[in-house]
Structure formats: structure tokens, C-alpha cells
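Asker: One structure is given below, represented as C-alpha cells, and several questions about it will come after.
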Amino acid sequence: MIETARLRLTPFSRADFDVFVDQMLTDQSVVEHYHSYRGKTDLALIRRQAEEDFWEHFEESRIDYGLEIFAIHRKDDDEGFVGWAGLLHTPLTETYGGHELQYMISGDTSGRGYATEAAQAVLLHMTAA
């Protein structure tokens, strides 16, 4: 677990994935930046696509490369899931020689600096490991 002034980051679990899909991938303000999810409303189809796009990718990066994706929660709210952040192995890793820092923040918490705070914590944690 990683803690910052306002956030608690924990390894991204299956339960976190379910909340992520239900809350964030159905929020049009979030998926406007992810063209393959824009305008989709069928939760079963969204969930199937997210399995490949997110869950399998997270697990591959974790198992094959020792990288971690963290669920981001507000420290003052036990149910306060606000997104995820972590390092991932992507096709660009081979081209540029480094893993990619990625994150996704819920629409209702966007603009509060959570992504910056979480990204900084992830980078410090992963470089210290």
C-alpha cells in the first residue's frame, strides 16, 4: 500500500476492476478520451472489452514485468475509489525503452490533483522497489 496526503493506493484487485467498469467506463465524461468506449451503454459488452483492454493488460504487466497498477482511493472515504494509476508494459516500451505511466481518474474527481498526486507516488514507489 502507498499513502499520500489525501490518497491510499492499493494493488488493483478484481473488486477494483468491477467498480472501475461499473462507475468509470459508463461515465461519458471519462470515456470521451477513450474512443472505443464512447457512446457504449451495454454493460456486458463494456465489461468484455475492458477484460482485454485493461484487466488482461494489467495482469500481463504485473506477471511478466513486475509492474503494478494501483487502485486510487480517497483516504477519508472507505468507498472513495477515484481511479487507477501505474506503470504498464506497452508496445512503446520496446521503442523507447521504458514502461509507460498510465492513469485514469473518475469524472467527478477530475481537476483536484489526484492524478498528479497518485502518479508521483507510483513513480517514487516503483523506483524505490
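The values are calculated or read from the model by the stated rules, or taken from the named source; none is laboratory data. What you see is a predicted model; the values in this text were computed from it and never measured. A quick note on method: Cβ atoms are made from the backbone with ideal geometry, for glycine too, and the neighbour counts reach across all protein chains shown. Note: areas computed on protein heavy atoms with side chains; ligands, DNA, RNA excluded. Shrake-Rupley method; radii C 1.70, N 1.55, O 1.52, S 1.80 Å.
Asker: Just for region 101-129: of the residues that are loosely packed, with under 15 Cβ neighbours inside 10 Å and β-branched (Val, Ile, Thr), which one is nearest to the chain's Cα centre (by Cα)?
Answerer: Ranking the candidates gives Thr116 first.
Asker: With the requirement that a residue be touching a residue at least 24 places away in the same chain (Cβ under 8 Å) and not hydroxyl-bearing (Ser, Thr, Tyr), what does region 1-13 give you?
Answerer: Within region 1-13, Ile2, Glu3, Ala5, Arg6, Leu7, Arg8, Leu9, Pro11, Phe12 meet the criteria.
Asker: Also, I was wondering about something else. One residue is enough: does region 95-107 have a residue meeting the conditions in contact (Cβ under 8 Å) with a residue 60 or more places away in the chain, part of a loop (DSSP other than H, G, I, E, B) and within 13 Å of Phe20 (Cβ to Cβ)?
Answerer: yes
The rows are residues; the columns are (1) assigned to a loop (DSSP other than H, G, I, E, B); (2) open to solvent by 60 Å² or more (accessible area, probe 1.4 Å); (3) in contact (Cβ under 8 Å) with a residue 60 or more places away in the chain.
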{"position": "Phe17", "(1), (2), (3)": "no, no, no"}
{"position": "Val21", "(1), (2), (3)": "no, no, no"}
{"position": "Thr41", "(1), (2), (3)": "yes, yes, no"}
{"position": "Leu45", "(1), (2), (3)": "no, yes, no"}
{"position": "Leu67", "(1), (2), (3)": "yes, no, no"}
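Asker: Also: Restricting to region 23-39, and then to whatever is open to solvent by less than 70 Å² (accessible area, probe 1.4 Å) and not in a loop (DSSP other than H, G, I, E, B), can you tell me which residue is farthest from Met104 (Cα to Cα)?
Answerer: The extreme case among them is Ser29.
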